[in-house]
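Below is one structure, written out as structure tokens, with a few remarks after it.
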Amino acid sequence: MLNAHWRAEHHGFDPATASADQRRRAHVRDIIVAHVDAENARDMDRTLATYSEDCVFDDVPTSVLFEGKAAIAASYQERFDAYPRLERIITRMTIDDQSGVVEITMRGPQEKPYRGFPPRDDRVSELKIVGHFEIDKDGLIRRETAYYDRLTAAIQLGALPDITTARGRLWLALAYPLALVRMFRARLWF
């Protein structure tokens, strides 16, 4: 498994000598890793099994709230279809006994339309996401909140040009001439 090194047993965890708080934190870590592993396998049943019945997924950059397993499943299915080779790699994780904050790098090519945007060649998209997972008393994900750079996502989908390139700066100059003047003036002053 791609993220297996994050599991509790790989951190010298011994359930026989662990306190209740340590066991709870280990479970929080393991349910998040199981969730990400299920996403990587594109296994809808396993992914949904990590959520509680009253689950919520909050996609903060798009201001979309998915309430319940059916709504969350529809969101996942669209992503699974558009990015069948997408990998989610956990790069950092901070856990307490009720929640976890995880930094994930998502990497893979878009192969089918996603949210109305067609695939762009075979280029690999890469997006860093910070997710907050609230775990309920039964040890399942009650709420997942995702934070990521909306501009990077829009550029990779082809919705906006990359303004760090000459073509992107030309687009910016034509679309938003005052923004380009402000950027130019800021460079002269600093």
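Of all the criteria given as (1) within 18 Å of THR47 (Cα to Cα); (2) part of a loop (DSSP other than H, G, I, E, B); (3) in contact (Cβ under 8 Å) with a residue 40 or more places away in the chain, the one not satisfied by ILE104 is (2).
Scanning segment 12-29 for residues that are in contact (Cβ under 8 Å) with a residue 12 or more places away in the chain, open to solvent by 40 Å² or more (accessible area, probe 1.4 Å) and within 18 Å of PHE133 (Cβ to Cβ) gives ASP21, ARG24, ARG25, HIS27, ARG29. Contact map, segment 154-180: first residue within 25 Å of TYR83 (Cβ to Cβ), second residue among the basic types (Lys, Arg) and not in a helix (DSSP H, G or I), Cβ cut-off under 6 Å, separation 6 or more or different chains; pairs are GLY158/ARG120.
Looking at segment 128-139 only, could you name the residues that are touching a helix residue (DSSP H, G or I) at 6+ places or on another chain (Cβ under 7 Å) and either crowded, with 16+ Cβ neighbours inside 10 Å or modelled with pLDDT under 90 (or both)? Selection gives PHE133, ILE135.
Of the residues examined, THR94 is one that is out of contact with any Cys (no Cβ under 6 Å at 6 or more places or on another chain), exposed (fewer than 14 other Cβ atoms within 10 Å of the Cβ) and in a strand (DSSP E or B).
Here ALA82, ALA71 are screened, and the one residue that is among the small types (Gly, Ala, Ser) and in contact with a Pro (Cβ under 7 Å, 6 or more places away or on another chain) is ALA82. For segment 70-91, residues that are more than 18 Å from ASN3 (Cα to Cα) and open to solvent by 50 Å² or more (accessible area, probe 1.4 Å) total 5. Of the listed requirements (1) in contact (Cβ under 8 Å) with a residue 40 or more places away in the chain; (2) open to solvent by less than 30 Å² (accessible area, probe 1.4 Å); (3) in contact with a Lys or Arg (Cβ under 7 Å, 6 or more places away or on another chain); (4) farther than 22 Å from TRP6 by Cβ, PRO109 misses just one: (1).
Based on what the data block shows, is VAL60 in contact with a His (Cβ under 6 Å, 6 or more places away or on another chain), at pLDDT 95 or above and surrounded by fewer than 17 Cβ atoms within 10 Å (Cβ to Cβ)? It is false that VAL60 is in contact with a His (Cβ under 6 Å, 6 or more places away or on another chain), at pLDDT 95 or above and surrounded by fewer than 17 Cβ atoms within 10 Å (Cβ to Cβ).
Of all the numbered requirements in (1) in contact (Cβ under 8 Å) with a residue 40 or more places away in the chain; (2) within 16 Å of the chain's Cα centre (by Cα), ILE135 misses one, and that requirement is (2).
The values are calculated or read from the model by the stated rules, or taken from the named source; none is laboratory data. Computed from a predicted model, the values in this text were never measured in an experiment. Reconstructed Cβ throughout: ideal geometry from the backbone, glycine too, with neighbour counts over all protein chains shown. Accessible surface is based on the protein model in full, side chains and every heavy atom, while ligands, DNA and RNA are left aside. Shrake-Rupley method; radii C 1.70, N 1.55, O 1.52, S 1.80 Å.
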